[in-house]
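Have a look at the structure below, then the notes.
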Amino acid sequence: MNESTTGFHASSLVGYSALAPLVVAAVCALASHSVLAQADKSLLLQSTEVKVHRMAPGQTVGELRFAVDPGTTRLSLEVLSPLNGLVQSVVTPSGAVLTPQTADAFGGLFLLIPQVAAGSGALPLGSTNATVYRWMIPVAKAGWATLRFVNPAPVSADTPVVVQAMSDSPIRFGAIPVAASSRPGQAVALAVAVVSGSQALAGASVRADVVAGGKVEASLTLRDDGSNADAVAGDGIYSALYVPPSEGRRTVAYTANIASAGILLTRQASDAFEAATPAARLSNTGQWQMLDTNGDGRRDQLRWTGQVEVAKAGRYLVSALMRSGDRWLVANSEFKWDAGVTSAAVSIPSTRLENEGVGAGRYVVESISLSRYFGPDVPLTSGFSPRSYQQTQRLESGAVIDLTGNEFDRPPLRLTGQSSFVGSDRTQTGLWEFLAFELEIESKRAEVYTASVALYSGSRRITSCSARQKFQPTGVSRIRMLCTGRDIGSQRIDGPFTAKGLWMYGQTSGPDALNLSVSGPFAVSGPLRAADFVGSDRRPEDVDGDGHVSCNDLVRVKLDIGLRLGDMAYDPRHDVDGDRAVTAADVAAVRAALPASQTCPGI
C-alpha cells in the first residue's frame, strides 16, 4: 500500500453543518502572541486530514485509515478519484461496517456525485475530472476508521484516490496567515495554532513544508517554546522563521501530529504568500481636508492626499479605512502610474459621512493601504475587481478627524420620520398576501427610484422587499416596499421581522442614492405568525418550497440530522415534525411523502 499525506485548505465539504469549522474570535487564549500582529483578528481552526492512496497499474483494492480521538462524534470522508465505479465500505472504530446500502441504518449518509471538475479544489488528482463520494458517519468510540475501496477492474495506470477527513473533534488546527509585506531575504514567521476545545494545546509535533515552483524549498519544525519567532511558550501557537531566497509565490503545507488518549492524530492546514520587493510605497502619511468643491459654502467632500514612490509602473489602488463609533467607512481610488514620485488622493463625499458615518462628528483613520493590480490590462473606466489587487503597504494611522461644526451639502435623499410595517389581506381569505415596509424619504429632485430592503427574523434572512416609485422635485415622499407573503409563509418562520440594508438607486442619477444602503435596521414588525401568510399551507415535507416533495428535500433534511433549535445552522423548514430538532423521524416523513415513482439512489 502506498499512502501519503498532503496538506491543503479544506474547502470542498458542503452541507455537513455539524462539522462546520471553528472560528475563534481574537483567537481566545492565543491572542497575546506577537505573531498574530501579521494576521487577521480571527482564525479558522478545523479538524482536517488528507491522505492519498495511489493505485499502481494492475491493482484493484486499497484502504486508508484515519485516527478518531475520544471527543469525536461525527466523521466525514470525501473521496475523490478519476475512477467512477469504486466499491467502498467504512469500518468504524467500534467495528461496524458501513456500505452505501447500509449507511442509512447506522445513522450515516453516503452520496455519489459523478464526474465533477476537480481543478478548483487544488487536489493532486492529475485529472481534469473526478468522481466525488461522500460519507457522513456517526462514531461512538475512539480508535481507527478504515475506508476500503475496490475498483471493478485493474487500473491501467497510476491512479490517485484522495480522501479528505473532517470531524467535529475538539482538537483543531489552523494556519496563521503570513505577513502580506513579505520580501526576499527577510525572515517571515510561519505559525499555526493548535487548540483542544477553547484551550491552547501544547506538546504537538508540527512541521511546515514550503513549496515554490512545484518543489519543496524548505522543511521546518515549528516550536511552541518561546524562542526565535515564538513569543510565548506553551500558548498553543507553534512558530518558525523562514527566509524566502527570491521573489515568487510560496505555498506552506502544515502538518501537526498530536497524541490523544494513546492515538496519534494528524491535523493539516495550508497558507500561501508572495515574497516580493514593493512595487510602490507611500512616502508619507498624507493629510486630510474637508472641501467645498462646488463653491456653495457647504462642505461636500473629505479628501486625503499623499505622495507615492513608484518603482514599477502599473495600476494601483489606494484605500482609506475609517471608523466612527461602531461604524466603518472604506474609500478607494484607482490610479495608473509611471515609475517615479507621484501624488495620490482618496475622497469620501459628505453624503457618505451623513449616511454611513456620524455626519459632522469625529472619525479615526485606522489605515491607508496601497495595493498593486495584477489582472488583465483593461481601461480604468471599466471598473476593477478587488480580488485582482495585492496589498503592498499598509500604514497604521490613528489620526483623528474632527468635523464638528462643518455644514454639509444636503444629500439627494434623506430619511425622515418613522419607518413602519403594514400588511394586507385584500382577498379576505384570512391570510396576508404581503407584508410591506414603509418609510419617508426627503428628495432633492424629481427622479424615479428603485428601492429594496432585506427582511430578517433574528439573524436569518427571509426575503427581500422592493418598490419602484417616482419622487417629486422637492419634499417628502412615502415609499412602500412589498415583501411577498408566500416567501414568509413557506419558510414557517414567525416574527417579529426586521428590515435591514436599505438600497435605493436613481433611474438617471444612479448611485448618488446608494448611500442609504447601509442604514438600518429601520423597523421591527412586532409579533407575527408565519401561519397567517400565504404559502403557510404547503406540505411540511416540501422543505425547499418548490411545490413537490423530491430527493432534494430528502438530502436537505438528512444533512441537518442532529441540529436543534438554538443551533446556528438549525433550519425550521428541515424540522418536518416541528419537535424543534432534525431527527431520523423527519427523514422518514420526507421519504414516506415521496411520489411512488420517485427513487433516490444512495440517499
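Note the full-extension length gain between Gln186 and Asp494 as 0.36 nm times their separation in residues minus their Cα-Cα distance, in nm to one decimal.
105.2 nm
Obtain the nm distance between the two label points defined at Ala585 and Ala259 by a simple spin-label model: each point lies 7 Å from its Cα along the Cα-to-C-beta direction.
About 4.6 nm separates the two model spin labels.
Output the relative contact order of the range 538-603, whole-number percent, from Cα pairs under 8 angstrom with separation of 6+ residues.
35 percent
Taking 0.36 nm per residue of separation and subtracting the Cα-Cα distance, what length does fully extending Thr60 through Asn294 add?
Gain on extension, Thr60 to Asn294, equals 76.5 nm.
Provide Rg over Rh for the range 240-285; use the alpha carbon set for both Rg and the Kirkwood Rh (inverse mean inverse pair distance).
1.26
Quick one: net charge of Val587's neighbours, Cβ under 11 Å, K/R +1, D/E -1?
Local net charge: -3.
Neighbour counts of other C-beta atoms within 10 Å: give me Leu415, Leu439, Leu241 arranged from fewest to most.
If I rank by nearby Cβ atoms, fewest first, I get Leu241, Leu415, Leu439.
What distance in nm lies between label points placed 7 Å from Cα along the C-beta direction at Val476 and His548?
Roughly 5.2 nm, to one decimal.
Using r as the Cβ-Cβ distance of Ala105 and Arg529, and R0 as 22 Å, what FRET efficiency do you calculate, to the nearest 0.05?
For Ala105 and Arg529, the calculated efficiency is 0.05.
Determine, from the Cβ-Cβ distance of Thr221 and Ser198 and an R0 of 35 Å, the FRET efficiency 1/(1 + (r/R0)^6), rounded to the nearest 0.05.
0.85
Around Leu241, what is the net charge, scoring Lys/Arg as +1 and Asp/Glu as -1 over all other residues with Cβ under 13 Å from its Cβ?
Cβ neighbours under 13 Å give a net charge of 0.
Rounded to the nearest 0.05, what FRET efficiency is calculated for Thr508 and Ala311 with R0 set to 45 Å and r the Cβ-Cβ distance?
So the FRET efficiency works out to roughly 0.55.
Would you mind computing, in nm to one decimal, how far apart the modelled labels at Lys141 and Ser367 are, each placed 7 Å from Cα along Cα→Cβ?
5.1 nm
Past 31 Å, Cα to Cα: identify those pairs from Lys141/Lys558; Lys51/Lys215; Lys51/Lys141; Lys215/Lys558; Lys470/Lys500, in the order given.
Among Lys141/Lys558; Lys51/Lys215; Lys51/Lys141; Lys215/Lys558; Lys470/Lys500, the Cα-Cα distance tops 31 Å for Lys215/Lys558.
Here, each number is a calculation from the coordinates, and none is a lab measurement. Since this is a predicted model, take the numbers as computed values, not measurements. Using ideal geometry, Cβ is built from the backbone for each residue, glycine included, and neighbour counts are taken over all protein chains shown.
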